[in-house]
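Structure, as structure tokens:
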Amino acid sequence: MTDRANRYAAFDNFREGSKDLFEAYAKSTESSLRLDSLYSFYVSPGGRYGGRNKKIVDVFYGNRPFDSITETGVNFQTIRKLETARGATLSYQRTDDGLVLCSLSPAASENFHHPEDFILLDMVKNPTELERKSKRHWRMFQAYMESTCLDGKPTFFQKILVFYLRNFKEFVADKTLQKRRASVFFREIAKYTVTVGLSGFIILMVNWSKDSIDSNQALERHHEVLSVYSNIAENAKIIAKSSEAIDARIKILDQTTSDNLQSLSLTILESASRIERSLDSLKEANETRAKKVEGKGAQHVGE
């Protein structure tokens, strides 16, 4: 098979096992079970609309009524209407060249929407890595759900994750792809620096034009102006290169931050597991000790 065919096959394997994989994640923590009880959790290999699209895997929380309102209808009849909210969505979509686009769509209600349509979480070039990366994607999905749904209870760590997603990932708003907010921020700083420099240069030219008296002085001013302009142009090039370097650095930081967050999360999970095992052992020891005490008490009573 070609490389593209191999990528297709790897995504098909991931799609077929996605339901068991993500349902296991959904049962692993109390917070995900709480969200399931509120919104109902679904995994739809083939997409949420009929499940017939072999290029899509949708992982999402469904709809739920959260309030009701009374409206006046025809002939002044009162109508009671339920207001509903929907949960967040983690979506995997295979492209024609076999890459997999992973995106996050926020939770929303009829009267409350978030600025972004969805966030581009990841572009997986090798679909054989999807199962390994799915754990990190799941943690991002849970943090995003807790932070965007009406009844969310995000932890401090989850708030940091969502801040990272919204500032260091590309996103779509109003059906238009937007650049990373962090990249835009640094570019605006560079643009402001160049604008201030050029404004100062123009003011300098006007003042020198007024002060010029004879041709020799004008020629000398002209050389100074050219020198200043040359310095500004050189600084503008340096700023542009610096902006490109910053953008590249942000991309590296994006990957590094993802890896660090993954390591931190794994460490927290391992520590929690150790504590849980210790508590279970302590509980068993206390129960055994209590049974022994009860046995000795019953023996004394019999005597």
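The values are calculated or read from the model by the stated rules, or taken from the named source; none is laboratory data. Small disclaimer: the values here were computed from a predicted structure and weren't measured. When we count neighbours, we look across all protein chains shown, and the Cβ atoms used for this are built from the backbone with ideal geometry, even at glycine.
Quick look at the numbers
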| item | result |
| --- | --- |
| Residue within segment 3-16 that is in contact with a helix residue (DSSP H, G or I) (Cβ under 6 Å, 6 or more places away or on another chain) and either of a type outside the set (A, V, I, L, M, F, W, C) or assigned to a strand (DSSP E or B) (or both) present | yes |
| From P65, P115, P154, P106, residue being over 18 Å from the mean Cα position of the chain (by Cα) and over 23 Å from A5 (Cβ atoms) | P65 |
| Any strands (runs of 3 or more DSSP E) falling wholly within segment 26-98 and containing at least 1 residues that are free of Cβ contacts under 8 Å to residues at least 12 places away in the same chain | 63-72, 78-86 |
| Which listed residue, of L121, L150, L101, is assigned to a loop (DSSP other than H, G, I, E, B) and either touching a residue at least 60 places away in the same chain (Cβ under 8 Å) or aliphatic (A, V, I, L, M) (or both) | L150 |
| Set F60, F66, F76, F41: member being surrounded by 13 or more Cβ atoms within 10 Å (Cβ to Cβ), over 17 Å from E131 (Cβ atoms), of a type in the set (A, V, I, L, M, F, W, C) and at pLDDT below 95 | F66 |
| So Y144, is it part of a helix (DSSP H, G or I), of a type outside the set (K, R) and in contact with a strand residue (DSSP E or B) (Cβ under 6 Å, 6 or more places away or on another chain) | yes |
